[in-house]
Amino acid sequence: MKNNIVKSILWQDGKLFLLDQRKLPGHEEFIEQYSLEDVIDSIRKMIVRGAPAIAISGIYGMCVYLNSVSEKPDYSDFLMKIQNLVESRPTAVNLRLATEEYLNQFTESYWRESGLDRIRRDSETLANRFFEEDIETNSKIASNGADLFKDHTGDLNILTHCNTGAIATAGIGTALGVIRFLRDRGFRLTVYVSETRPYHQGSRLTSWELGKEGIEHYIITDSMSAFVMNEKKINAVLVGADRIARNGDTANKIGTYSHAIIAGHHSVPFFVAGSRTSFDLSIASGREIPIEMRNSDELTQNSFLKDSDGKNYIPPGILSPETALALNPSFDVTPSDLISGIITEMGVISPVNETEVKKLLKF
Ligand code: MRU
């Protein structure tokens with residue numbers, strides 16, 4: 001693996017810095033997080049985004065909180081902080097699962113018996129562990145995903161959506177990690193990167209990551225997917241996951257579902273890449289996944305991409321009048337029967353259904 005992987009989360013000497021992903025690709029700026037509230041705000045405003053990166057930043061946010069207090073807080077205050085954190089973005093499950101694991105260690109009796117220094121130390125150790133484990137997990141997903149193409153000869157054309165790369169995780173990414181491994185295994189690759197309106201995770205972030213490594217790619221608008229699948233011999237669609245239900249239904253960035261339908265129509269394999277921490281085994285199907293509705297301004301004004309002086313970080317394009325109503329669901333759910341396989345660190349789930357999910361995840 002080429003070693004110029006970008007990072008979006010830096011933990012240095014007890015301080016947390018997050019890459020401001022709103023400003024990419026124009027500006028590479030890290031923002032120090034002085035409190036848990038700063039981290040929650042950064043998650044809500046999508047300074048940090050991508051399900052694994054949100055979870056890891058959130059746990060480091062708890063470390064920032066513990067470093068900022070002079071006395072051990074009441075356990076109920078500590079729990080309240082975690083609750084506020086979990087509510088910052090509702091669809092991706094990784095943050096909730098990470099906080100559940102965190103609380104397995106930071107129980108009420110542990111809290112009672114431990115001093116602040118020990119709590120701080122243990123919190124940091126756990127956050128670092130989540131960070132390191134994600135790096136490992138990404139590599140295993142990438143390897144398992146790349147294995148799917150081991151008998152493929154000739155060039156590879158891949159379509160991807162949103163950003164599932166290094167800045168959405170701690171490592172090389174999930175679906176984008178697979179793409180990186182395919183490049184490393186010597187395939188001549190062309191990646192079609194769908195823009196991912198309204199936040200442009202594809203055209204701003206994925207394109208930026210691929211560009212840094214010289215991986216050939218074309219940005220397409222989300223609506224060009226059918227054209228591209230009809231005309232360009234796409235070998236596979238690779239996307240990420242924000243929450244996978246027991247039956248394999250997968251919530252991911254808005255637009256994923258349309259790519260899956262189009263892929264199905266053109267007999268193009270459609271793969272989801274996600275880790276164990278993307279599965280919500282408490283829900284039977286995608287119908288139970290809460291879909292985050294974001295502010296309509298993101299569609300009509302691109303205001304989230306404006307600098308304090310009103311200058312846009314990206315060219316504004318055609319913006320709707322301020323009076324327009326707009327619907328802004330941030331995610332959609334792709335039914336499992338449209339998914340050819342879910343690539344995980346433990347292997348590939350295919351066919352995608354509850355029995356197969358159960359077998360691989362051993363629940
Ligand atoms: O709203 P975002 O940008 O946080 O949504 C991100 C996605 O939907 C990703 O595809 C998903 O989180 C997987 S990132 C490895």
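Restricted to the stretch 237-262, and to residues there that are away from the ligand (no atom under 16 Å from the Cβ) and aliphatic (A, V, I, L, M), the residue that is surrounded by the fewest Cβ atoms within 10 Å (Cβ to Cβ) is 261.
Quick one: in the stretch 263-283, of everything that is under 30 Å from residue 153 (Cβ atoms) and in contact with a Phe, Trp or Tyr (Cβ under 8 Å, 6 or more places away or on another chain), which residue is nearest to the ligand (Cβ to nearest atom)? So the residue we want is 263.
Annotation: of all residues in the stretch 45-54 being outside any helix (DSSP H, G or I) and free of Cβ contacts under 8 Å to residues at least 60 places away in the same chain, the one that is surrounded by the fewest Cβ atoms within 10 Å (Cβ to Cβ) is 47.
Looking at residue 21 and the list (1) touching a helix residue (DSSP H, G or I) at 6+ places or on another chain (Cβ under 8 Å); (2) more than 28 Å from residue 287 (Cα to Cα); (3) more than 13 Å from the ligand (Cβ to nearest atom); (4) among the polar types (S, T, N, Q), which single condition is not satisfied? It fails just one condition, (3). Restricting attention to the stretch 266-306, the residues being part of a helix (DSSP H, G or I) and either at pLDDT below 95 or within 29 Å of residue 139 (Cα to Cα) (or both) number 11. Of all the residues in the stretch 55-114, those that are over 22 Å from residue 290 (Cα atoms), β-branched (Val, Ile, Thr) and assigned to a loop (DSSP other than H, G, I, E, B) number 2. Here 40, 56 are screened, and the one residue that is away from the ligand (no atom under 13 Å from the Cβ) and under 23 Å from residue 199 (Cβ atoms) is 40. When the stretch 145-164 is limited to residues that are more than 15 Å from the ligand (Cβ to nearest atom) and in a helix (DSSP H, G or I), the one that is nearest to residue 209 (Cα to Cα) turns out to be 146. Specify the residue that is nearest to residue 276 (Cα to Cα); the eligible residues are those in the stretch 126-140 that are among the polar types (S, T, N, Q) and either crowded, with 24+ Cβ neighbours inside 10 Å or within 16 Å of the ligand (Cβ to nearest atom) (or both). Within the stretch 126-140, the match that is nearest to residue 276 (Cα to Cα) is 137.
Note on the stretch 25-46: residues that are among the hydrophobic types (A, V, I, L, M, F, W, C) and modelled with pLDDT under 95 amount to 0. In the stretch 80-94, of all residues being among the aliphatic types (A, V, I, L, M), touching a residue at least 12 places away in the same chain (Cβ under 8 Å) and within 26 Å of residue 115 (Cα to Cα), the one that is farthest from the ligand (Cβ to nearest atom) corresponds to 82. The set of residues in the stretch 150-173 being in contact with a strand residue (DSSP E or B) (Cβ under 8 Å, 6 or more places away or on another chain) and surrounded by fewer than 18 Cβ atoms within 10 Å (Cβ to Cβ) consists of 155 alone. Taking the stretch 5-26 as the range and being assigned to a loop (DSSP other than H, G, I, E, B) and either loosely packed, with under 14 Cβ neighbours inside 10 Å or touching a residue at least 60 places away in the same chain (Cβ under 8 Å) (or both) as the test, the residues that pass are 5, 6, 7, 8, 13, 14, 24, 25, 26. Is the stretch 97-118 home to any residue that is modelled with pLDDT of 95 or more, under 25 Å from residue 6 (Cβ atoms) and polar (S, T, N, Q)? Checked against the condition, which is being modelled with pLDDT of 95 or more, under 25 Å from residue 6 (Cβ atoms) and polar (S, T, N, Q), the stretch 97-118 yields no hits at all.
In the set 114, 143, 123, 109, which member is surrounded by fewer than 17 Cβ atoms within 10 Å (Cβ to Cβ), closer than 26 Å to residue 168 by Cβ and polar (S, T, N, Q)? Working first, answer last.
Numbers: 114 fails: closer than 26 Å to residue 168 by Cβ; 123 fails: surrounded by fewer than 17 Cβ atoms within 10 Å (Cβ to Cβ); 109 fails: closer than 26 Å to residue 168 by Cβ.
Sole residue among the options that is surrounded by fewer than 17 Cβ atoms within 10 Å (Cβ to Cβ), closer than 26 Å to residue 168 by Cβ and polar (S, T, N, Q): 143.
Could we say that residue 226 is part of a loop (DSSP other than H, G, I, E, B) and away from the ligand (no atom under 16 Å from the Cβ) here? Judged against the criteria, residue 226 is not a match.
The values are calculated or read from the model by the stated rules, or taken from the named source; none is laboratory data. Everything numeric in this text was worked out from a predicted model, so none of it was measured. Virtual Cβ from ideal backbone geometry, glycine too; neighbours counted across all protein chains shown.
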